[in-house]
Structures are given as C-alpha cells and as structure tokens.
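To start, the structure under review is shown below, and the notes come after it.
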Amino acid sequence: MKSFQYLRPETLNDALVMLEQFGDSAKPLLGGTDLITRIQRGQADLNAVIDLKHVQDISSSIEAGTSMITVGARVVLSDLVRNEHVQKFFPALVDAASTVGSIQIRNRATLVGNICNASPAADTVPTLIVYRASVTVAGTEVKRSVPLKDFFLGPGKTVCGPSELVISVHIPLPGKPFGAAFGRLTRRKGVDLATINMACGIDAKSITTFVFGAVGPTPITTSDESGNLAKTDLPESQRDEILKSLIHQTSPISDVRAGKNYRQATLLSIGRRVLFQAQQRYHLQAG
Amino acid sequence: MPEKKIQISITVNGERHDLEVAAHETLLQLLRDQLDLTGTKKCCGEGECGACTVIMDGHTVNSCIILAAEADGSEVLTIEGLSEKGKPSALQTAFLDKGAVQCGFCTPGMIMAAHYLLMNNPNPTVDEIKEGLAGNLCRCTGYKKIVEAVRTVAEDGE
C-alpha cells in the first residue's frame, strides 16, 4: 500500500486548512468503512487521510429541536437507529440505516459518510430525501445549507468541494399526517449493497414522492401530485399505472448485482410494498 | 520519503501498549503482527466477512478496515481476552460442545460478535441471533450449530 500521512486535527478550521493544503490528494476520514477499503484496494491515491473523529466542533450527537433534528457528522449509524427521536419521527430512516452493512459496519459508519461517499446505492439517502433533509457544508470562509436532493452530481461526486466538509444533517419534523417507508432488494441479507432501493413518502397534501436508488447515477426523485397514489382504495391497475410512470424516470444499468430488466421488474414489486407501508403509516397518523 | 511513524497507546485485553505504527497499518495488522494476537483472523480484508471482529471501546468493529492510528487511546478486546483464567468462556465452551466449529477460521470473529450480542441482549431470539451474526460469514457449518451454541448461553438457554 502506498504511504500517506495520517492527520488528526482537533478543530474544524484546522481540518479545513489541511484539506485546502492537500486538495484532491487528501480525504476526510470518519468511520472509514468505505475509505479504508478503497485505500486497501489501491483505488484511492492519497497523500493524506484526515481523521475527523477528534474534531471537537463536529458533533457526535443527535440534537432534537422543535422543528428538526440535527445529526452531527460523527454520529454512527448504530447510534442513529437507537435514538428515540429518530425512531419516533423517522421510522423509515431507522429501517434504511438498519440495512447498511452489518452491526460491525454500523458501529463505525456514519450517516454523513454514507451521504458523502455518494454511492448511487447508499441506503440512507432515498429516505433522507423523502424526509426533505439538508446538509450543512462548511468551508474555511462560509457555511452553506444544501438540500440533499441537490447534493449529488454523480457516482462519488457531490457539490461538496475538495476543501469543504459536511458537518451535519438536518431533518425537518414532517407535518402531520406523513407516512414514509423504505425498501430494498439485495442478494443476501446482511453486508450486501442494494441492487435497488427506494423510499416513499406521503405528505399532508396527499402528494406521494418516491426516491429510487441504484437505478441511476444519482437518486431519482419523482412525485405523484394527483393524490391518487395516497388512496388505499385505488384500483390496483390504476396504482400500477402511476407507479410505472414514476419508475419510467429511472435509468437502471446491468452490473454485477443485477441485470437492467430485473431491476426494472423489481422496482414495481418493491414499489407496491413500500407504497403500502407508507400508506399504513400515513393513515395511522391521519386517524 | 521515509514514512513517518505514529505513536499510539492502546489497551488490549486489559494490557496497555505504547507502540509505533505506520499510517497505513490496520488495527488487525497491529494485533496480529505487533502483539502476536493471531486469534483474530484476516480473511476478506474489506469488512465483509467479520473474521477480524474485535470489540473496540465496547462495540464490535471489523479490525481490518480500521487504521491502527485510529485506535489510539482505545480499549480493545480480542478472542484471547475472552477466556477466564486460562479457561474458555461459557460461550467458547458452547461453541465446542455444540460442534459450532468446523474449519475454525470464522470462529473467533463469530464468538466476538456473539459475545457483543449477549452483552446487549442477554436473551436473544433465534432471529435476533441471526441478525446479530449477519456480519460474520461461515462457509462450513451452515450456521445452525452456531445459533444453537449462542442460544445455549442465553439466559433462558436450553
């Protein structure tokens, strides 16, 4: 393995200055479940790895406010799924985050890492977009807020520049009623990347939003604004017709995990399942 | 450019070590090559199979994808630290009694994952055991006897 420097800043500013010095040849390190693997495979040619786990002004806690919850960049997925506020307000996020890797991975991997790695198959991302999450991106000069739906540019590419860091995720508490669900297809249970994944959200205006993962270079967000998909008594043929029109906006490819046709076929069957669960959660709140 | 070594301090199985590590050295390499604790296995090397599972600061991790430098200041428990006064722990004994070991390569990681599961959930159901061990691959046993072994040491184990 090529040698690199291991750096351990203690302030956000120091971390950002280091990133600026090294540019593309440095990567920030949180859980490392993707980064260290890539380094070991020789897929990351780096001069420095900047470990952010000792940066005091990057939070390792989940703050529950009156209008949103904020997840610091050092929060690992195991802590996220155990958090009572996350469980109460964002059950689909718990479902999604619980599928990432294995317990060993989730004890180490962070929500922000899952986002910033920008894998089209990232399991937490479709659900976070359905919940209208945004991230705070910090540079040496300014901090900016970016809606997650606008964050991804392509596989491994985001709007976060080489000398910027995502320091937190903000998820607004959904207006009631709101129902969301997550679904995925994998070849085996545990430690497998999603062949496809998706999240569905139904909001108070009966708008149903689907976000599909692993079927395009970035997550694909589509909505049914007619209010029909939110109805539990919609005839199956009409439901499938709308679902197909949403799925039509995806662009799956064939790769090691599945062929294009299989992905397209499973989008519909998992889409039905996820819609059903989102409806159930919606009507639980609607009463 | 000669590689700069990093000074770290790590407590493994209750014993503190002050060591020098290279930036690219993993926790797994440190355990096996520097401390000669070869119970922890290297298999896939990318966090998929769980053979390298150890407990770091109270949580199971894949030691193959953690830099040794990241483990500075941490407390690590390996399979060697599970035995009590040189005798296998109840969980280790259950693995032997139930025939949950065949080639044995996955066993240390499997036992560390099961130990962690029982720490957090002393009475797991079969499904909870399967979920708790989902990050550990075994290519010999078919898992049945492993699950049985863990059930044996559960609080109401039969």
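What follows is calculated from the coordinates using simple rules that are stated; it is not laboratory data. All of these numbers come straight from a predicted model, not from anything done at the bench. Cβ atoms come from the backbone with ideal geometry, glycine included; neighbour counts cover every protein chain shown.
Some notes on this structure:
- Packing-based ranking of B:92-101, A:197-206, B:115-124, A:109-118 yields A:109-118, A:197-206, B:92-101, B:115-124, ordered from highest to lowest mean Cβ neighbour count within 10 Å.
- Derived scalar couplings ³J(HN,Hα) [region B:123-138; Karplus, 6.51 cos²θ - 1.76 cosθ + 1.60; whole Hz; x for Gly, Pro]: 9, x, 6, 4, 5, 5, 5, 4, 5, x, 10, 5, x, 10, 9, 10
- Take every pair of alpha-carbon atoms less than 8 Å apart whose residues are at least six positions apart; their mean separation over the length of region B:50-134 yields a relative contact order of 35 percent.
- Over 22 Å apart at the Cα level, from the set A:205/A:231; A:189/B:145; A:88/A:143; A:27/B:5; A:176/A:231, are A:88/A:143.
- Of the peptides A:19-28, A:96-105, A:255-264, the order by per-residue mean of other Cβ atoms within 10 Å, starting with the highest, comes out as A:96-105, A:19-28, A:255-264.
- On Cα atoms only, tilt of A:260-286 relative to the major axis of chain A in degrees: 80
- 5 angstrom amide H check on residue A:5, placed H, neighbours 5+ away: A:48, A:49
- Whether chain A is rounded, prolate or oblate, judged on the alpha carbon gyration tensor where a/c under 1.5 counts as rounded: prolate
- Scaled radius of gyration (Cα, divided by 2.2 N^0.38 Å) that region A:131-210 gives: 1.35
- Volume per residue for region B:1-135 equals 110 cubic angstrom (convex hull of Cα atoms).
- Axis of helix B:144-153 versus longest Cα principal axis of chain B: the two differ by about 90°, to the nearest ten degrees.
- Fraction of alpha-carbon pairs over 11 Å apart in region A:5-51 - percent: 64
- Computed from Cα positions, the angle between helix A:236-247 and the longest principal axis of chain A comes to roughly 30 degrees.
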